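The values are calculated or read from the model by the stated rules, or taken from the named source; none is laboratory data. These figures come from a predicted structure and were not determined experimentally. No Cβ is skipped: glycine too gets one built from the backbone with ideal geometry, and neighbour counts run over all protein chains shown. Side chains are part of the model used for accessible areas, which takes the heavy atoms of the whole protein and leaves out ligands, DNA and RNA. Shrake-Rupley method; radii C 1.70, N 1.55, O 1.52, S 1.80 Å.
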Amino acid sequence: MSKLLRIYTRSFERNPSLTLMIANSTLMSMGDIGAQALAMSSGIDYDAARTLRFAVFGASMGPLAGVWNKFLEVNFPLRTVPPAPSNAPLDEKFDKFPIPELEKELPKGARFERGGPKVASTGSPVVQTEGAVSLKALLKRVAADQLGMAPISLLIFLFSMSLLEGLNGEETQEKIKNNYWPILFVNWQVWPILQLINFRYVPLRYRVPFGSILGILWTGFLSFKTADSGAHDSSVSA
């Protein structure tokens, strides 16, 4: 496990987007394989094309999830402090006010994680640092994620899967109609607490794969749910 973590970290430093694509694709594939393995015990054949669809969707959503997590990191900092005093050491100033020329020298992964300064309502730049965690900011992150990204990503998921399955416009509309709200309501019962843990304790570079690991069972649920709708609705194929 530690070796995989080192490989992931080195890859993230070189190319964050590609690393998130591969990690998210792999983990979503694992979720579908697990779901299908359970179904095979009932005599259902394994559908490799379905796993491939989950892999393609996971790859496409990995970088988007990374950008979204960075957006939350920058706009809802859990720890904030006033700007560094004028006589502060250079390295401390750089942490608070990144110098563009020096930023370019950092590895891509480090630049991704820095995020940059945020301007508070007072107009004073603030950044994340050591100190007490703001519960209010943490709850704002979770609320933004669940009310903003969750509904959008679910719609993208259902629409993308329908396209990859070759469904026509009417079949796609029917699949979304049958699945969107039931899945979203279950999402809101499960993911707020999981994302609260993720946003609070997991470093930015690991949040997407950590969420995908937590989501292996969720991916299995999506796999069962979307396949089940096709099995029971003659107008939608799984």
Residue identified as over 20 Å from residue 50 (Cβ atoms), modelled with pLDDT under 95 and among the hydrophobic types (A, V, I, L, M, F, W, C) among 222, 214, 147, 196: 214
Among residues belonging to the stretch 199-221 that are of a type in the set (A, V, I, L, M, F, W, C) and either outside any helix (DSSP H, G or I) or under 9 Å from the mean Cα position of the chain (by Cα) (or both), point out the one that is surrounded by the fewest Cβ atoms within 10 Å (Cβ to Cβ). 202
Suppose we filter 10, 50 for residues that are modelled with pLDDT under 95 and either surrounded by fewer than 13 Cβ atoms within 10 Å (Cβ to Cβ) or in a loop (DSSP other than H, G, I, E, B) (or both); which single one remains? 10
Of the residues that make up the stretch 150-163, is at least one open to solvent by 40 Å² or more (accessible area, probe 1.4 Å) and either hydroxyl-bearing (Ser, Thr, Tyr) or modelled with pLDDT under 95 (or both)? yes
Among (1) loosely packed, with under 14 Cβ neighbours inside 10 Å; (2) at pLDDT 95 or above, which single condition is residue 141 missing? (1)
